[in-house]
Every structure is written in structure tokens, then in C-alpha cells.
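Some notes on the structure that comes next.
The values are calculated or read from the model by the stated rules, or taken from the named source; none is laboratory data. Everything numeric here is computed off the predicted structure, so don't read it as measured data. Using ideal geometry, Cβ is built from the backbone for each residue, glycine included, and neighbour counts are taken over all protein chains shown.
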Amino acid sequence: MRTSTAAFLEAKKNPLFLLKHYLRDFFLLSIVNYLLYTFHSPFHFHPQLWHGFLFLFSIPTGWIIASFLHNTGHGNIKSLFINNFLGEFCGHFVGYGFTNFILVHTLHHNYSDQQFDPVSPEGMSFLCFALAPTKYMIARTKDYLLFVHGKNKHYKVILNTQTVIFYINLILRLIFWFLLLGPHFFLFFYLPAVASNILILAHINYVCHRDFEDGSVEVFNMDHNLYYKIANFITIGGYYHKSHHLKLNLFDPRNYKGKIDRPLLTINPNPAKIPLVERKVSFGNLRASSRSGSWFLRYFDLDNIWIRPKNVCLKKSTVLCEAQVFMKNTENNNYGERKHI
Ligand SMILES: [Zn+2]
Ligand SMILES: [Zn+2]
């Protein structure tokens, strides 16, 4: 079994790696689904009142899956076998697979809020960000793969073929869970669990990276109201995203012991003009003075961020800040400890 770092490096090195991987999943899923369809017939649908209670379990399940998918994606469980087994299960549960999570999430850490970050919310409302994750995630991941493997005709054929198989596998995984769980559990437990998983991962990425008027983007820990406290308890510190960026190998980022007070910037538009120590904006200032919108938007920290049109704040291609240099230097070593910038 390979480590999660190795899966990313292999996808970067070998243009056929993902295609082979998706084809393997396609054949396995087809066989298992065929067997389930043949020997297990769950096609009676008689919803009852108690099925509604399944919904209560689905939300924490989706959150726990998010935490384990993330931690196993970083290889944070000591036993490689258990790490990869749990990771494959979580990836199978969410539909897009463990290797795809590793690919997307490693790009997020290596290129946070830059061109190849598949989960940067730049220019998107939260609704758009949460409801169409595959659209921009796949687009930016494809951009990266074209960048490393070349925009030649040969690789474009591979890329298009693997994209089609990726979507087929996504449908096959949904069919698998439908056949295994039956229509009641699928509808009242599985689908809400996946929805809660997508929503919390989108929310973490959306609110823990925040853009500011000066064009900078800063990473935060969030734990200031009851929602975050409950969510951090269930997801084992899922919203301690700044601590996580600073030390990726910590299973529970709440245990981060390093200095946390300096801003952690992923984009600093002009580090020479605005040194970090003189930077005025911060989440604290924003909360105290300029928050607007409904109670709901303020409670979930969805007001005033990521709504500016793309690239208005700065031309990213011409600005290479300290953060980018650091990230480029650590691309092949994304599991190490990251220092403050
Ligand atoms: Zn991570
Ligand atoms: Zn992040």
C-alpha cells in the first residue's frame, strides 16, 4: 500500500496513474454492484416515521467522515494499513474516492489560494462554492495536471478519458450505497450525511481562509461560538485550520503548541510595503467594526468575504509573495511543519 504523499507524487510523475487507478475502481465497483444487485434486492419503499430520526445521525456521521478523510489524507494515523483502509472507506463514502481527495487537498496545501488551489473560494458566494464543488475543483485540478504533464494532444485524451471514468465511478459509488443500504437508509441517512460532509468541508475552506480589502488572504482558527465548538468537538478540531496549516501531521490541530498569534498569510500583495507587523486588517478588527448582513450570515461568518470579483484585489500572476515561494519550496514535502510567514 502506498502512502498518501506517494499517491500525489505518483499522479504528478506518471500521466497514466489516475487513469489506471480509475479503471481499477471502475472494474471493482462494477463487479461488487453486480453481485449486490443479484443477491440483495432492497427495492421496496415504505417510509415510516422513525426513518426521519436517521437524519439526526446523518449530520455527525458526515462530519466524522470529513475529519477522518482529511486526517487519513495526510497520513495521520500511524498504521499505514489502517490509515489507508479508513481513507479508502471515507473516500468511497463521499463518492469521489480517497486518491481524488489526496490530489485536491495536497494542491490546496501546496498552492493555498493560488492558481492551482482547487478549493479557493475566490470570487464565489458560499452558495455557489458549496453547491458546485466538483465544477471548480475538477477544473483547477485539471489545470494543474495539464501544467505538469503538458498541454499536448496525447495527454488531453488521457485527461478527458479519466474525467469520464471519474464521473462514472461517482455514479457507481452512489449505486453501491443504494444497493447496500436500501432506499430508506440511502434517502434518509446516506444522502444527508454526504450533504453535511460537503457542506462542512466547504464551510471550513470558505471561512477559515478570508480575503481582505488590501488583497491579502489570511488563514484562521474558528472556535468563537457554539456552532464552532460543537463542530470542532465532532470533527476533532476541523475548524482549527490555521493550526492545521502550520502543522499538517497533527491528528487534532487543537493540540498545536507553536506560536499562533502572528497572521498566517497565503497571499500578501505587497510584503515590502505592508510588513506583517504593520498590517492593520485582521479577523478581530473585521468582527468588531465592519460586519454586516443577517444574523445567520454573521453567525456562520459568511458576510463580507470572497465576494469580490476574481483578481480585482491583485494580479496574482505578477505577485510572488513570501508565502508562494515557501509553498513552491515545500511542494514535494507537504507533510512537514510549516513556519509562520
Ligand atoms: Zn489538510
Ligand atoms: Zn486551508
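Overview of results
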item	result
Members of segment 221-237 found to be surrounded by fewer than 21 Cβ atoms within 10 Å (Cβ to Cβ) and modelled with pLDDT under 95, listed by number	Asp223, His224, Asn225
Residues that are within 14 Å of Pro183 (Cβ to Cβ) and surrounded by 13 or more Cβ atoms within 10 Å (Cβ to Cβ), drawn from segment 38-67	Pro42, His51, Leu54
Given (1) of a type outside the set (Lys, Arg); (2) within 16 Å of ligand 1 (Cβ to nearest atom); (3) out of contact with any Pro (no Cβ under 6 Å at 6 or more places or on another chain), index of the condition Gln115 fails	(2)
Single residue of Asn83, Asn100, Asn71 found to be part of a helix (DSSP H, G or I), within 16 Å of ligand 2 (Cβ to nearest atom) and in contact with a Gly (Cβ under 9 Å, 6 or more places away or on another chain)	Asn71
Residues satisfying the stated conditions in segment 84-97, i.e. touching a residue at least 60 places away in the same chain (Cβ under 8 Å) and away from ligand 1 (no atom under 14 Å from the Cβ)	Asn84, His92, Phe93, Val94, Gly95, Tyr96, Gly97
Segments classed as helices (runs of 4 or more DSSP H), wholly inside segment 129-234, with at least 1 members that are acidic (Asp, Glu)	133-149
Residues (away from ligand 1 (no atom under 16 Å from the Cβ) and acidic (Asp, Glu)) located in segment 242-273	Asp261
Matching entry among Leu172, Leu201, Leu181 (being touching a helix residue (DSSP H, G or I) at 6+ places or on another chain (Cβ under 7 Å) and surrounded by fewer than 17 Cβ atoms within 10 Å (Cβ to Cβ))	Leu181
Flag for Lys280 being at pLDDT below 90, part of a loop (DSSP other than H, G, I, E, B) and more than 19 Å from Gly95 (Cα to Cα)	yes
Selection within segment 166-213 - under 16 Å from Pro133 (Cα atoms) and within 16 Å of ligand 1 (Cβ to nearest atom)	Asn197, Ile200, Leu201, Ala202, His203, Ile204, Asn205, Tyr206, Val207
Number of the condition not met by Ile77 [criteria: (1) within 16 Å of ligand 1 (Cβ to nearest atom); (2) out of contact with any Leu (no Cβ under 7 Å at 6 or more places or on another chain)]	(2)
